[in-house]
Amino acid sequence: MGLSSFDPAFHELRPWNEGRVVGAKRALKPQQVWAIRFWLDQHRRLRDRALFDFAIDSKLRGCDVVKIRIGDIVAGGRIRDRAVVVQQKTKRPVQFELVEPARKTLLAWLERRGGTLNDFVFPSRNDYMGHMSTRQYARLVREWVTGIGLQAQDYGTHSLRRTKASIIYKATGNLRAVQILLGHSKIESTVRYLGVDVEDALELSERTEI
């Protein structure tokens, strides 16, 4: 099945990525993070606010965000300050922090959601015992960014993973710290992920006086 390269129609095929924006999705800026939080609060979307805050703080891939269980982040009836999960892609453990805003919204969501420690924090809308799909998570991210006037094609679930890491890097220039937080095995992966280039290196150097 399919076309031969000798078929007249073969040369009329459009490239799969024609008209699409490809490449890394943008990280959110701090003011955009707060704009999304305000938008979610305004629309009383408690689950989405908890999901958004968790994704920003955890810096996890979408496949790991949706599979987080209540027992991963709750201990003794309270949200943990720090948690550890094994990444699906690398099979390596990664530790992350949950700061006060995230802990507050997660606790409010879980009190409303109920469930046991073995249940998923963000259940599927079709199967309450299952977890939210990565596709649904991606759709929600599109809703959030367009809700504050951003272009949907420029952002995705990886934008949330990159956001805090990018802010930390720009504030400190500490690639090794960001590598650990993202769970990368090689620092070269972190360099590519953040899009670090010569201009970044020069700016960091110019801010350093000796």
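The values are calculated or read from the model by the stated rules, or taken from the named source; none is laboratory data. Every value quoted in this text rests on a predicted model; they were computed, and no experiment measured them. Neighbour counts are summed over all protein chains in view; Cβ atoms, including those assigned to glycine, are modelled from backbone coordinates with ideal geometry. Calculation scope for accessible area: heavy atoms of the full protein, side chains included, ligands and nucleic acids excluded. Shrake-Rupley method; radii C 1.70, N 1.55, O 1.52, S 1.80 Å.
Potential lengthening of the chain between residue 87 and residue 29 amounts to 18.3 nm, from the contour at 0.36 nm per residue minus the alpha-carbon distance. Straightening the chain between residue 187 and residue 172 buys 3.8 nm, computed as 0.36 nm per residue apart minus the Cα-Cα spacing. Shape class for the range 85-195: prolate, because the ratio a/c of the largest to smallest gyration tensor axis (alpha-carbon atoms, square roots of eigenvalues) is 1.5 or more and a/b beats b/c. Entry comment: accessible area of the range 47-100 is 42 Å² per residue, from protein heavy atoms only and a probe of 1.4 Å. Surface composition of the range 60-196: carbon plus sulfur atoms contribute 51% of the solvent-accessible area (1.4 Å probe, protein chains only, all chains present). Across the range 54-124, the relative contact order, built from alpha-carbon pairs under 8 Å that are at least six residues apart, equals 42 percent.
Amide H to amide H, with H built 1.01 Å from N, residue 130 comes under 5 Å of 124, counting only residues 5 or more places away or on other chains.
How would the range 77-129 be classified by its alpha-carbon gyration tensor: rounded, prolate or oblate, with rounded meaning a/c under 1.5 and the a/b versus b/c comparison settling the rest? In terms of gyration-tensor shape, oblate.
Rounded to whole numbers, the Karplus 3J(HN,Hα) couplings from phi for the range 97-111 are 9, 10, 7, 3, x, 5, 4, 5, 6, 5, 5, 4, 5, 5, 5 Hz, using 6.51 cos²θ - 1.76 cosθ + 1.60 with θ = phi - 60°, and x at Gly and Pro.
Here's the picture: charge each Lys and Arg Cβ at +1 and each Asp and Glu Cβ at -1 in the range 33-112, and of 33, 94, 43 the one pushed furthest to the positive end of that dipole is 94.
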